[in-house]
Structure formats: structure tokens, C-alpha cells
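*Asks:* Starting off with a structure, shown below.
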Amino acid sequence: DGGITQSPKYLFRKEGQNVTLSCEQNLNHDAMYWYRQDPGQGLRLIYYSQIVNDFQKGDIAEGYSVSREKKESFPLTVTSAQKNPTAFYLCASSIRDTQYFGPGTRLTVL
Amino acid sequence: AQSVAQPEDQVNVAEGNPLTVKCTYSVSGNPYLFWYVQYPNRGLQFLLKYITGDNLVKGSYGFEAEFNKSQTSFHLKKPSALVSDSALYFCAVFPRNNDMRFGAGTRLTVKP
């Protein structure tokens, strides 16, 4: 998991609430990514950012939002518009071609 | 469409036997190819990658992978499996001008 931290490790949310997942890296990587992992589906890209103050939608961005105000931080907000948010969320950062992952946050909607 | 396939959901091997986890891809051009491993409730750990050069790539924990351009495959191998190798393995391709694409994962179980 290296120099990428995600918090919290477990998160419980009531329906209709927004929640923010934290991702911090001290690797001085320019690019950062958010993935969602569901059983049997591999990883799906939610958002990515190649540089500070810029980010792009991935394959499943609906119901999610991000910001990239600092190079080290790339928080993900899961909004109430996300219909099925229960999943394991992984943050990654990269330099050139290789991505390195954080330990993940497991979000459960009650 | 660019995609990665891991045809086996589950692979079971006995400890000490060789293991192979299969991966095929459908990507235009010459992509970068990766293998990652995931232990329960953890993030993905980088194992190895192929960019160019020798078709046999060596990585962490004694794993290696063989790139076969004609078969568009990048199978992960290890000569002698350990019980501690039991985990979820992901193949990924990076088409360079696009996002990294991951396979659905293969669960490897090594039995004593």
C-alpha cells in the first residue's frame, strides 16, 4: 500500500446522506484515481486527475464528485444520487505507467 | 472495444505445484500489461509489468509472466506455489492513450 492512505477503513451511511472518502499520498505522484470494486466485476474507474485543479470522469462517475486542490489529496464524495453505493472503494496514484493503490474504504449503506 | 479477460474465476493448486493464472487482452496498439494481487480487505499490490523487450517478465514474490503477442496473452506463472499465494489476482492493460483496464479477477487457492 506504500505511501497512499485512505480513511476511514469502514464507513456506514444512511440512505440520502452524502459521504466523503479521503485519499492522501506522499509519493509526489501527479496522477490520482478512484475505483469502485464490486464482487466479480474487477475495478471500475470513477474519476481521475492528472494534475492539480483538473479531473476527468471515468466510466461510472454518476453520483460521485471529486476535488483536487492539492497534489497530495484527492477526496471522493459519494452523493445521495448514487443509487447503489455499497462497495469497496480504492484510491490509486501513479507516476508514468504504474498505479499504486491505497488500502481501500468499504462503504455500506444502511 | 478495449478489454481484458481472465477466463477463470477460480484456480486451485496444491502447494509446491506450478501455477498459471490466465489473461488475454483486446487492445489496439502495444499496451503496457500488468499483474496485481489483492489480499482480503486490502488494496491492490503491484506484482509486475511488461512494457517492451523480453517476453518473460519477472516480478515480486517469485512470480513471472509471459507475454505472447500473437495470442494477445499475458499469463501469470510461478514454478512452486505457496499457501500464502492464495489471493485475488488482477490482470490490467494500459493502452497508453487511455485509462487502465482491469480484468474481473481470478481467485487463486493454494492448498497444503
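None of the figures in this text is laboratory data; all of them are computed from the coordinates on show. From a predicted model like this one, the values you see are computed outputs, not experimental measurements. So basically every Cβ, Gly included, is an ideal-geometry build from the backbone, and we count neighbours across all protein chains shown.
*Asks:* Please report the equivalent ellipsoid semi-axes of the protein assembly as shown, computed as sqrt(5 x eigenvalue) of the Cα gyration tensor, largest first, in whole Å.
*Replies:* Three semi-axes, in Å: 30, 20, 16.
*Asks:* Same structure, new question: Give the separation of the Cα centroids, segment A:19-56 to segment B:13-82, in Å.
*Replies:* Taking the Cα centre of each part, segment A:19-56 and segment B:13-82 sit 23 Å apart.
*Asks:* Sticking with this structure for a sec: Subtracting the Cα-Cα distance from 0.36 nm times the residue separation, let me have the gained length for A:K83 to A:V52 in nm, one decimal.
*Replies:* Working: separation 31, 0.36 × 31 = 11.16 nm, distance 2.88 nm.
Value of the extension gain: 8.3 nm.
*Asks:* What order do you get for A:D30, A:D54 when you list them from fewest to most C-beta neighbours inside 10 Å?
*Replies:* Values: A:D30 14, A:D54 9.
Listed from fewest to most nearby Cβ atoms, that is A:D54, A:D30.
*Asks:* For the pair B:T72/A:T108, report the inter-label distance in nm, with labels modelled 7 Å from Cα in the Cβ direction.
*Replies:* Modelled inter-label distance: 4.1 nm.
*Asks:* Which aspartates and glutamates have a Cα less than 12 Å from the Cα of A:K83, not counting those fewer than 8 places away in the same chain?
*Replies:* Straight-distance partners of A:K83: A:E15, A:E62.
*Asks:* Would you mind checking the radius of gyration and Dmax of chain A based on alpha-carbon positions, in Å?
*Replies:* That works out to 12.9, 39 Å for Rg and Dmax.
*Asks:* Between rounded, prolate and oblate, where does segment B:6-47 land on the alpha carbon gyration tensor, with a ≥ b ≥ c its root eigenvalues, rounded for a/c under 1.5, else prolate if a/b exceeds b/c?
*Replies:* Since a/c reaches 1.5 but b/c is at least a/b, the shape of segment B:6-47 is classed as oblate.
*Asks:* OK, next. Which FRET efficiency value, to the nearest 0.05, do you get for B:T52 and A:A61 by plugging their Cβ-Cβ distance into 1/(1 + (r/R0)^6) with R0 = 30 Å?
*Replies:* Numbers: r = 33 Å, r/R0 = 1.08.
It comes to 0.40.
*Asks:* Okay, moving on. Holding the Cα-Cα limit at 24 Å, pick out from B:K49/B:K77; A:K71/B:K58; B:K69/B:K111; A:K14/A:K71; A:K9/A:K70 the pairs that are longer than that. Present the calculation step by step, with values, prior to reporting the outcome.
*Replies:* Details: B:K49/B:K77 13 Å; A:K71/B:K58 32 Å; B:K69/B:K111 32 Å; A:K14/A:K71 31 Å; A:K9/A:K70 22 Å.
Long pairs (Cα-Cα over 24 Å): A:K71/B:K58; B:K69/B:K111; A:K14/A:K71.
*Asks:* Cα-based Rg of chain B per 2.2 N^0.38 Å, rounded to two decimals?
*Replies:* After normalising by residue count via 2.2 N^0.38 Å, the value is 1.01.
*Asks:* Quick check on packing: order A:6-16, A:94-104 by the mean number of other C-beta atoms within 10 Å, highest mean leading.
*Replies:* In decreasing order of mean packing, A:6-16, A:94-104 become A:94-104, A:6-16.
*Asks:* Can you sort B:M100, A:M32 from fewest to most other Cβ atoms within 10 Å of each residue's own Cβ?
*Replies:* In increasing order of surrounding Cβ atoms, one gets B:M100, A:M32.
*Asks:* Going by C-beta contacts inside 10 Å, put A:V78, B:V13 in order with the fewest on the left.
*Replies:* In order of increasing Cβ crowding within 10 Å: B:V13, A:V78.
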